[in-house]
Amino acid sequence: MAPTTQIPRNQWYVAAYGSEIGADLKARTICGEPIVFYRASSGDVVALADRCVHRRFPLSKSRRVGDTIVCGYHGFSYDAAGACVAVPGQTRIPRTARVKSYPVAEQDSFVWVWIGDDEPADATTIPRAPWLAAEGWTTVRGMEPLAARHSLLVDNLLDLSHETYLHGGYIGTPEVAETPIATEADEGNGVVRVSRHMDDAECPPFYAKSTGITGQITRWQDIEYFSPCLYLLHSRIAPVGVLPPASGPDDQAFHVEVVYALTPETETSTHDFWMVARDFALGDEEVSTFLRDNNRTVVLQDVEALNLLEEILRTDGDAYQELSINIDTGGLAARRMIKSQNDTSPAATA
Amino acid sequence: MAPTTQIPRNQWYVAAYGSEIGADLKARTICGEPIVFYRASSGDVVALADRCVHRRFPLSKSRRVGDTIVCGYHGFSYDAAGACVAVPGQTRIPRTARVKSYPVAEQDSFVWVWIGDDEPADATTIPRAPWLAAEGWTTVRGMEPLAARHSLLVDNLLDLSHETYLHGGYIGTPEVAETPIATEADEGNGVVRVSRHMDDAECPPFYAKSTGITGQITRWQDIEYFSPCLYLLHSRIAPVGVLPPASGPDDQAFHVEVVYALTPETETSTHDFWMVARDFALGDEEVSTFLRDNNRTVVLQDVEALNLLEEILRTDGDAYQELSINIDTGGLAARRMIKSQNDTSPAATA
Amino acid sequence: MAPTTQIPRNQWYVAAYGSEIGADLKARTICGEPIVFYRASSGDVVALADRCVHRRFPLSKSRRVGDTIVCGYHGFSYDAAGACVAVPGQTRIPRTARVKSYPVAEQDSFVWVWIGDDEPADATTIPRAPWLAAEGWTTVRGMEPLAARHSLLVDNLLDLSHETYLHGGYIGTPEVAETPIATEADEGNGVVRVSRHMDDAECPPFYAKSTGITGQITRWQDIEYFSPCLYLLHSRIAPVGVLPPASGPDDQAFHVEVVYALTPETETSTHDFWMVARDFALGDEEVSTFLRDNNRTVVLQDVEALNLLEEILRTDGDAYQELSINIDTGGLAARRMIKSQNDTSPAATA
């Protein structure tokens, strides 16, 4: 069974970093739906269907006049709610002239957009990643376009044993692949948890460099995957034997929160947002540069491998047998969760 | 309803400017039919199917020996009527060895070719554009390959309100989009006429520059679209209040004949021939350069927009709703005319 | 009827020159099957399916450790027989973890691979080309990727009349196209033979240069096509009137063995291996360079023409009529033989 191309709808997805959306019109396709984004004079982010109702010209290739978009082909004009407010050559505006407006929420440095029917869009259900915009943390980040389906990225992130092979020399060490994992699928909340606790592990080069730890470490990797959109890797690094205290802050350890927002662009491509937040060496530009460069290198290694797998799916077809083992427990749990989210999702209405 | 990809057959189309066809073999695909063109020693233009009957090698990649084409693969040789006159390794020439020869007519600087069954090919029905090869006129011209279907270009040309938005700063002014149009569909002759008469309009920069008019103008745009192949825009510019005299030449006005030949290359690409003829500043190279550069810029703006729409049709599919208003009356009339020409057209026989 | 895209299975095909396969992992697709090749420490060539059983990552993008391939994504490891010998995170190896191993034979400088069911893989049935690795012969060679189906190359090679037109100035002379051929289809052995004996022919420039013959020649071209994989052109050149002796070596003549291995890569692309062996001017580097450059030029002319025909098949579709004449007798015999090999071939199991 090949990784699915199906994308759950009636979901919140990260459309952009808040800092990406300003006065200019920005096009981004989410779940196959072309959307134009801009920040209105109120400061709120506006998200409209990126197709003029007249002849489908992309509004993102148009001009903004105040909070109105004037279509670049024939001048149909839309307000921030998507209502058409002017057409050329006549004063009467057709009653049905309106483009879809998408529910939007800004939180934890992200612009989230609701893909699906309007009714259940409840922003309080959006998963949190508070470190990304909190005091006491420094974050580096990026976004890489991935020419591979969302489910291949889910597979990749939920099984970190690939770190040893694909990212050897960067973040992988032999212990990662060798250490067994504990997996929990929380169907009610739509969360998959995968834990790998290494009590006596080699310290990967870049953690050694940025924390100053010498020698072996206790290394915990606790994944929380909020299907289908947000992935958190809580990484705890401490000298061997240093465990979290019974109470009070865990301040003998170093914490790194690796966050991925996995947003389907189309059925076979994905926006791969990545962030690394840390609670040490705050504001140290050298450490930030090092982490940014290293993590980007790791992400690009994944991108290269997953693009290759997508290309193979295209060439070979998807009628083949996979062979799964223990390391795949998390990934398979995530696939089941996505499938069940798909089953309760109405067909795309684009 | 998306713009159709269907192409009427049993029609004359412009294949080339006469000056493009000389001694060399020239390939051009018209309505999906690959054709090789050359000018025979008689001076007549020859148009043959561009596929050797033996193994379909393109004759355009072959060698011309006198008025004979010798296939570049195995040497099958064809005369100007498409009859095979030599084959390799034997003297007997198979009776059926013949490539299709297309009816051709040269007129008004164009090479016209008849796409369809031979019988009704009547060159007297070809629409005229006499200014292009007449005394008292100077013409600039070009041809741009368009990666969009013929019907998108028809839509574009029959509604000039887009001049204001897509070509603002070049030929568009606010009055164009604001002025109502009069539309007439002459089904019997297969002509759509769209008129927009602006009595007190701003003078677009390049008309101001080339005619020397200062201040407001009376600007008439009278479109005649000879479906599906030829588009004439009779443009009359004069100072405000100057109307054509009751009799005699209209010599207080400046006339520009903008001509487009719209020739389908395939179902989703088009040869976009454009010309601008004028009856003033004859032979003034500076004015010619200015008009050529300006018009080419305008055409390339259209090409960019229409290529984008074709790409959107490819990505989004063509199952969507358009919303049409008054400005679309001419375009919709043209679509109906093309559809009725399609309905009376036999299926392509390629 | 267009040239078929069907590829016979249960056949030996040339996968590579032996010298191409060394310690490094080398990917090559044969008949649509992705295969990874390497030379084991024993010296034997190993050929395995190029897809990890776990998530289909290409083994050719992996690392070799001794004679084991360690998958570059998650570390699944395979021995030279294709058996999985290690997986990450657990010691138990799933019983079904194994990639397909392909039968291989090395002979006459080639690595042959059997595409099909294992059972009938009998290396004694592989056709021979002993000159390529024999004393008394010097060989030049190359391989060009062809973006055209196997059957187009078969057509091309079995009718040498195209030499006159496509390769005029290189190996073609008027006599080639003019001289009748004798064709024999040996269905039992799967061989098509086409002979063209020119008793008084012009000497092509490069033969004149490399043999030193001046004046007219007797030129024999005896083709043996071992369908579907190997093509031998026995070329004999001698001064006019010099025939082979009744007994003893034919040492008044010059012999050139032109060999092609025609290996389908996919249904519409082909590995075009070419060699030219000679029994004169042995070791003369200037003659070798001349022959290599000339033959490569000729092959690239064929590649350009066949790629064009494949493109035409893609654009025009394959529902068209060909017109065949006497020169096509060999090619048509080869097509029938390939069709009958296809009919007895099980469907591809990839």
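Considering every residue within region C:183-200, establish whether at least one is crowded, with 21+ Cβ neighbours inside 10 Å, more than 22 Å from C:Gln107 (Cα to Cα) and out of contact with any strand residue (DSSP E or B) (no Cβ under 6 Å at 6 or more places or on another chain). No, the conditions are met nowhere in region C:183-200.
Does B:Gly22 fit the bill of being in a loop (DSSP other than H, G, I, E, B), surrounded by 21 or more Cβ atoms within 10 Å (Cβ to Cβ) and touching a Lys or Arg at 6+ places or on another chain (Cβ under 6 Å)?
It is false that B:Gly22 is in a loop (DSSP other than H, G, I, E, B), surrounded by 21 or more Cβ atoms within 10 Å (Cβ to Cβ) and touching a Lys or Arg at 6+ places or on another chain (Cβ under 6 Å).
Just name the residue that is surrounded by the most Cβ atoms within 10 Å (Cβ to Cβ) out of those in region C:78-92 that are within 9 Å of another protein chain (Cβ to nearest Cβ) and assigned to a loop (DSSP other than H, G, I, E, B). I'd like the intermediate steps shown before the answer.
Taking region C:78-92 and keeping what is within 9 Å of another protein chain (Cβ to nearest Cβ), we get C:84, C:87-90, C:92.
From what is left, the residues that are assigned to a loop (DSSP other than H, G, I, E, B) are C:88-89, C:92.
Details: C:Pro88: 24, C:Gly89: 21, C:Arg92: 8.
Result: C:Pro88.
A single member of B:Ala40, B:Ala27, B:Ala15, B:Ala23 is at pLDDT 95 or above and closer than 26 Å to B:Ile338 by Cα, and it is B:Ala15. Based on what the data block shows, is A:Pro228 loosely packed, with under 15 Cβ neighbours inside 10 Å and either under 17 Å from the mean Cα position of the chain (by Cα) or not acidic (Asp, Glu) (or both)? So A:Pro228 fails the test. Which of the residues spanning region C:63-77 are surrounded by fewer than 24 Cβ atoms within 10 Å (Cβ to Cβ), within 13 Å of chain A (Cβ to nearest Cβ) and in contact with a strand residue (DSSP E or B) (Cβ under 7 Å, 6 or more places away or on another chain)? C:Arg63, C:Val70, C:Gly72, C:Ser77, listed by residue number. Scanning region C:238-284 for residues that are among the polar types (S, T, N, Q) and either under 24 Å from the mean Cα position of the chain (by Cα) or closer than 17 Å to C:Asp155 by Cβ (or both) yields C:Thr263, C:Thr266, C:Thr268, C:Ser269, C:Thr270.
In region B:216-229, is there at least one residue being on the phi < 0 side of the Ramachandran plot, modelled with pLDDT under 90, among the hydroxyl-bearing types (Ser, Thr, Tyr) and out of contact with any Asp or Glu (no Cβ under 6 Å at 6 or more places or on another chain)? Taking every residue of region B:216-229 in turn, none turns out to be on the phi < 0 side of the Ramachandran plot, modelled with pLDDT under 90, among the hydroxyl-bearing types (Ser, Thr, Tyr) and out of contact with any Asp or Glu (no Cβ under 6 Å at 6 or more places or on another chain).
Each row is one residue, and each column tells you yes or no for (1) part of a strand (DSSP E or B); (2) under 28 Å from C:Ser340 (Cα atoms); (3) away from chain B (no Cβ under 14 Å).
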| position | (1), (2), (3) |
| --- | --- |
| C:Leu132 | no, no, yes |
| C:Arg141 | yes, no, yes |
| C:Val154 | no, yes, no |
| C:Gly188 | no, yes, yes |
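For A:Ser235, the requirement of being under 22 Å from A:Ala148 (Cβ atoms), among the polar types (S, T, N, Q) and more than 12 Å from the chain's Cα centre (by Cα) is not met. If only residues of region A:75-127 that are under 21 Å from B:His162 (Cα atoms) and aliphatic (A, V, I, L, M) are counted, the one that is nearest to the chain's Cα centre (by Cα) is A:Val99. Can you find even one residue in region B:7-15 that is of a type in the set (Gly, Ala, Ser), out of contact with any Cys (no Cβ under 9 Å at 6 or more places or on another chain) and surrounded by fewer than 23 Cβ atoms within 10 Å (Cβ to Cβ)? So far as region B:7-15 goes, no, none of its residues is of a type in the set (Gly, Ala, Ser), out of contact with any Cys (no Cβ under 9 Å at 6 or more places or on another chain) and surrounded by fewer than 23 Cβ atoms within 10 Å (Cβ to Cβ).
Go through the residues of region B:231-246 one by one and say whether even a single one is under 30 Å from C:Arg314 (Cα atoms), modelled with pLDDT of 90 or more, in contact with a Leu (Cβ under 6 Å, 6 or more places away or on another chain) and surrounded by 20 or more Cβ atoms within 10 Å (Cβ to Cβ). No: region B:231-246 contains no residue that is under 30 Å from C:Arg314 (Cα atoms), modelled with pLDDT of 90 or more, in contact with a Leu (Cβ under 6 Å, 6 or more places away or on another chain) and surrounded by 20 or more Cβ atoms within 10 Å (Cβ to Cβ).
C:Asp108 meets each of the listed conditions (1) touching a strand residue (DSSP E or B) at 6+ places or on another chain (Cβ under 6 Å); (2) among the acidic types (Asp, Glu); (3) buried (at least 19 other Cβ atoms within 10 Å of the Cβ) apart from (1).
Number of residues in region B:201-225 that are under 16 Å from the mean Cα position of the chain (by Cα) and crowded, with 21+ Cβ neighbours inside 10 Å: the value is 2. Of all residues in region A:142-162, none that is outside the structural domain of A:Ile312 (by TED's automatic domain parsing) has its Cβ atom under 8 Å from the Cβ atom of a residue that is surrounded by fewer than 23 Cβ atoms within 10 Å (Cβ to Cβ) and part of a strand (DSSP E or B), 6 or more apart or on another chain. Looking across A:Thr315, A:Thr329, A:Thr266, A:Thr297, one residue alone is away from chain C (no Cβ under 14 Å) and either modelled with pLDDT under 95 or under 30 Å from A:Thr211 (Cβ atoms) (or both). It is A:Thr297. Within region B:125-137, does at least one residue satisfy the condition of being free of Cβ contacts under 8 Å to residues at least 40 places away in the same chain, among the acidic types (Asp, Glu) and assigned by TED's automatic domain parsing to the domain that holds B:Gly22? No, region B:125-137 has no match at all.
Evaluate the following for A:Arg292: is it within 14 Å of chain C (Cβ to nearest Cβ), touching a residue at least 24 places away in the same chain (Cβ under 8 Å) and surrounded by 15 or more Cβ atoms within 10 Å (Cβ to Cβ)?
Taking the combined requirement at face value, the residue does not satisfy it.
Kindly evaluate C:Arg278 against the criterion of being within 14 Å of another protein chain (Cβ to nearest Cβ) and in contact with a helix residue (DSSP H, G or I) (Cβ under 9 Å, 6 or more places away or on another chain).
No; evaluated as a whole, the condition is false for this residue.
In summary, strands (runs of 3 or more DSSP E) completely within region C:211-281 and bearing 1 or more residues that are touching a residue at least 40 places away in the same chain (Cβ under 8 Å) and among the charged types (D, E, K, R) occur at C:217-226, C:254-266, C:269-278. For region C:34-60, a residue qualifies if it is under 14 Å from A:Leu308 (Cα atoms), facing another protein chain (nearest Cβ under 9 Å) and in contact (Cβ under 8 Å) with a residue 12 or more places away in the chain, and the qualifying residues are C:Pro34, C:Arg51, C:Cys52, C:Arg55, C:Phe57, C:Pro58.
The values are calculated or read from the model by the stated rules, or taken from the named source; none is laboratory data. All values reported here derive from a predicted model rather than from experimental measurement. Note that each Cβ is placed from the backbone with ideal geometry, even for glycine, and that neighbours are counted across all protein chains shown.
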